[in-house]
Each structure stands twice: as C-alpha cells, then as structure tokens.
Amino acid sequence: MVNSSNDDELEFESRTQKKHYAHSMVDLAHKLAEMKHSMMIELPITESIIDAIVASKKIKSHIARKRHFQFIGKLLLKTDHQAVIDALESQEKSHEAGLIRQPFLQMWQEKVLEDNDLIASLYETHDHSDIQTLRQLVRAACKENANTKQNRRKVFECLRMMDSKEPLPNV
C-alpha cells in the first residue's frame, strides 16, 4: 500500500507493519471488551462497535471469538481510533489520580466521623448543599452502628464527589 504524506514524498508500508497495526486494533478491541459498559459509552465510539463488543461477550467458541475481535478491530480502523486511544488514556490517568487521592480521602473520612466541627471549615470552598449532605451522612454513620460500614462508604463517596469538584484542604 502506498501512502502519500506529501505530493513529492511516498511512504511504503510493509505487510509486517500492516499486521502489527491490525494486531494493535485487535488488542484495543480486547481492552474495550474488558471495560464496564458505563465507561465504554463515554468513549467516542459508534453504536455498531458497542453492539459488536456486547455480542462478543456471548460468544463461547475460541476461534469464533478471535474472528469476532478481528471484526471489531476492522470496525475500529474505519473510525477515528486515535480519539478512542486518547480517551482511554485520559480515563486511565483520571482513575490513577483517584487511586492516589484515596488515602487522603480516607483520612478525611476518619477525621469527619470523629469531629463534626471539621465540616464547618468546608463552607468557604464547597457548595452548601454538598456540605449538608455530608453532615446528614456523618450523622447517620454515627447513629446506626449496624450499618456503619454502609454509611461510612456513603460518607467516603460524598467526600470523593466533593473532592472532584473542588479539592479538599489538608487536615
């Protein structure tokens, strides 16, 4: 295949390069199939690719599954696959950032459950409705000992949401 990047310059693509490129698209298809459906919908991919990925989860035969992923790779080649790769990388970076921030949020959770006055320091930087929700969740976590783990998780999720909007200050 001859690709022309400029009118006077020609670039040749060998069969080996084409195969490596096709294998990378199949690898991308496997990565998409491993994702949660809610995260996959956020990516810039077409409905036909999403339907093909959903259908791939129903295929049990190894060879048929392999062929189907080659088909998904072909569909990816026809779309803007670089945008999909970029979106995947940004999702992974945001996920990694969330994992880095997790111990800080756990420390906030422990401090808030011990000292309710700490919540008042958030009024300057965060939305009042979010702070009111946090107050209610902390109150419920302190009241009910049976559902403490569930309520503590809700407090953590609320803190994570607040931190994503505006970073929490150091304790």
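Within the option set Phe104, Phe69, being aromatic (Phe, Trp, Tyr) and within 23 Å of Ser38 (Cα to Cα) holds for one residue only, Phe69. Here the helices (runs of 4 or more DSSP H) wholly within the stretch 38-126 that include at least 2 residues being surrounded by 11 or more Cβ atoms within 10 Å (Cβ to Cβ), assigned by TED's automatic domain parsing to the domain that holds Lys154 and under 22 Å from the mean Cα position of the chain (by Cα) are 81-114. Can Phe156 be described as outside any loop (DSSP other than H, G, I, E, B) and crowded, with 16+ Cβ neighbours inside 10 Å? Taking the combined requirement at face value, the residue satisfies it.
The values are calculated or read from the model by the stated rules, or taken from the named source; none is laboratory data. Being a predicted model, the structure only gives us computed values, none of them experimental. Here Cβ is always computed from backbone atoms with ideal geometry, including for glycine, and neighbour counts include all displayed protein chains.
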